Structures are given as structure tokens and as C-alpha cells.
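A quick write-up on the structure given underneath.
The values are calculated or read from the model by the stated rules, or taken from the named source; none is laboratory data. For clarity, every value in this text was computed on a predicted model and none was experimentally measured. Here the Cβ is made from the backbone with ideal geometry for all residues, glycine too, and neighbour counts use every protein chain on show.
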């Protein structure tokens, strides 16, 4: 089975390539610097020859609505066209738990709701393509907890909504996407999440404390998620969804033991 991973050199893509290779799949990492560009179309036709599965874990360069919309429209159009021409039998895309609600929870111009609206456009294109597909909705990554804290800081205080939060390690995201990639297309959504469900403030507080960041973390009913209004369950997967194995405290310890890149 040949699998092409779009965004194969990024945070999730690089881990996914490693995991699929360990399962003795033929894996082609694809990114512009490797000569395979889903925006320009460079190298796509050649990469698709003999391909059974395409996994798209690429991402927009930023959260701005127009930028994200142009990225996902162009990239997805080019990928699906190349897959149809080559007879690819399964398209897998990584998206976000709660995408539909997040897309409607804020102003497209002033919050990250526009990014999620663009992700919905990507999903709609995949559904309409006629290619068997699986869309994986993952919860937020541990790796972005600090950036969430930064985006939520007002006058030195981290303010987060009083909602549930179930983040997961990037390694577990890659493992979950990999399981879907080597299975049959579900022609629908697969949700995955972290092994622990918290109140939003708890993992933020733990991560900041581990890095000796003194900022206090408080719950605020007026706070949003990157500016978006969320409900209690917007950011958690449905009950019974497959869960990762790496717990937050274990990830914090592993991260502390890993030397920083130079």
C-alpha cells in the first residue's frame, strides 16, 4: 500500500510518516520543499502514481479567513483532481473536533472562526468529490497549550472559558490518523481525543507551572477560545470516541526531558 502524506514534514505529518513506515507501508512525505506542492500542483501527478491513500495533514499559513479559505480551496481542489486522475481509493483529512460550532461562534474577520469556516469548506469539497474519504476530527494538541495561554492573556492573567477540554499529544494524533489511513474509508467523520477530560483551566495551569510561568489562570464566563464563544462540550469528542494514550503529566515530563532544538 502506497500512502502519500501531504504536509509530511510538519508536526503531525513527520510523526505520521514515521508511524506508517514502521508498519511497513510505502510512504511518500509531500511538501513544497520536497518538490510536491498542493498549491501550485508541482509534483502531484507523479506522486499519485500507484497511490492507494492520500492523507492531508497540511495547514494554512495563518488563521485569517481569506488566507485559510484560499489555501484549503486551492490545495484540496488540486489534490482531489490529482487523486481522481490517478484512481486513488481513499482520501484522509485531518480537521478539528467542534469545527462546525467553532465556525459559527465568532466574527470571521476578528476571531479564528474564519479558519474553521475555511476548514468546513475543505470538508465539503472532500464529501462532494466522489472519492471514498475519512475526515479525522482531533482535539487540540498538548503542543499548543502555551500558545492558547498566550492568546488568552489579558493584563498578565490567563482567562479561559469554564468548559471541558480534552487535549492530546501530537504523537497520539498521528497514531489515530495512521489507523484511519490503513483502514477502509468511513465516508464520514472519525473523532479522536486525549485520554483525560479536564476543565479548561487545569491543563493550562499545569503546563505553565511546569515551565515556571507565573501567570495566574482563571475561568471567566466571558472568555472565548481564540475569541470564539464555546459551549461546555464544543472542544471535546463524542462519548465513545477513540482516545490517545499519552497523559498530560507524562507528556510534560517527556517534553522536559527532550533537549530544545538549536
Run down 156, 176 and say which single residue is on the phi > 0 side of the Ramachandran plot and either at pLDDT 95 or above or surrounded by 19 or more Cβ atoms within 10 Å (Cβ to Cβ) (or both). 156
Search result, residues across the range 192-203 that are closer than 19 Å to residue 172 by Cβ and either in a loop (DSSP other than H, G, I, E, B) or touching a helix residue (DSSP H, G or I) at 6+ places or on another chain (Cβ under 7 Å) (or both): 192, 194, 195, 196, 197, 203
Kindly establish whether residue 162 is under 15 Å from residue 246 (Cα atoms), more than 18 Å from the chain's Cα centre (by Cα) and not in a strand (DSSP E or B). no
Residue that is nearest to the chain's Cα centre (by Cα) [pool: residues in the range 204-246 that are closer than 12 Å to residue 158 by Cα and outside any loop (DSSP other than H, G, I, E, B)]: 225
Kindly indicate whether any position in the range 127-136 is modelled with pLDDT of 95 or more, part of a helix (DSSP H, G or I) and under 16 Å from the mean Cα position of the chain (by Cα). no
Quick check, is residue 110 more than 23 Å from residue 243 (Cβ to Cβ) and either in contact with a strand residue (DSSP E or B) (Cβ under 6 Å, 6 or more places away or on another chain) or in a helix (DSSP H, G or I) (or both)? no
Looking at this structure, is residue 105 assigned to a loop (DSSP other than H, G, I, E, B), more than 17 Å from residue 6 (Cα to Cα) and out of contact with any strand residue (DSSP E or B) (no Cβ under 9 Å at 6 or more places or on another chain)? no
Among (1) under 25 Å from residue 172 (Cβ atoms); (2) within 22 Å of the chain's Cα centre (by Cα); (3) surrounded by fewer than 23 Cβ atoms within 10 Å (Cβ to Cβ), which single condition is residue 26 missing? (2)
For the range 230-262, how many residues meet the condition of being over 20 Å from residue 143 (Cβ atoms) and either modelled with pLDDT under 95 or loosely packed, with under 15 Cβ neighbours inside 10 Å (or both)? 5
I'm trying to understand the selection: among the residues of the range 14-57, which are in a loop (DSSP other than H, G, I, E, B), in contact (Cβ under 8 Å) with a residue 40 or more places away in the chain and over 21 Å from residue 125 (Cα atoms)? 23, 25, 50
Quick check: anything in the range 166-174 in a strand (DSSP E or B) and touching a strand residue (DSSP E or B) at 6+ places or on another chain (Cβ under 8 Å)? yes
Here are the criteria: (1) modelled with pLDDT of 95 or more; (2) closer than 20 Å to residue 132 by Cα; (3) touching a strand residue (DSSP E or B) at 6+ places or on another chain (Cβ under 6 Å). Tell me which single one residue 25 does not satisfy. (1)
Can you tell me which residue among 75, 129 is surrounded by fewer than 21 Cβ atoms within 10 Å (Cβ to Cβ) and under 30 Å from residue 48 (Cβ atoms)? 129
